[in-house]
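Note sheet for the following structure.
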Amino acid sequence: IIGIVIGLRSVYNNRQPSVHDWKSDAWYMCREFVEDRLKAPKTAEFETYQASQVTDLGEMKYQVFMEVDAQNSFGAMIRSTFICQVKYLSNNEWELVNMIEQ
């Protein structure tokens, strides 16, 4: 299943963007966008953040690779893989540039 979402924006209130760890901020923002797509987000079990799964694309844009286990519409736990691109705009606001579910 492949899905693409373009142009969503969100304010990231859980953590303040860090001067030293933009990759981490991008990963957690992508996680929020992924949670919004899940059928049962409360059942989601995300892997632990790893900087190696985030690529700095320049100009405050990041590509994030992540896997999540969550219940589907039938209640079965399944693993999904997402690749998303997010961009930091300003004032804790992030934009989802692209998301693909593999």
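Every number here is computed from the coordinates shown, using simple stated rules; none is lab data. As the structure is a prediction and not an experimental result, all values here were calculated from the model. Cβ coordinates were reconstructed from backbone atoms using ideal geometry, including for glycine residues, and neighbour counts include every protein chain displayed.
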The summed charge of the Asp56 Cβ neighbourhood (under 13 Å; Lys/Arg +1, Asp/Glu -1) stands at 0
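For a quick protection proxy, order the peptides 64-73, 42-51 by their average other-Cβ count within 10 Å, most packed first.
Working: 64-73: 16.2, 42-51: 11.9.
Ranked by mean Cβ neighbours within 10 Å, highest first: 64-73, 42-51.
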With r as the distance between the Cβ atoms of Met77 and Ser52 and R0 = 41 Å, compute the FRET efficiency 1/(1 + (r/R0)^6) and round to 0.05. 0.95
In Å and from the alpha-carbon atoms only, list the Rg and Dmax of the stretch 14-102. 13.1, 42
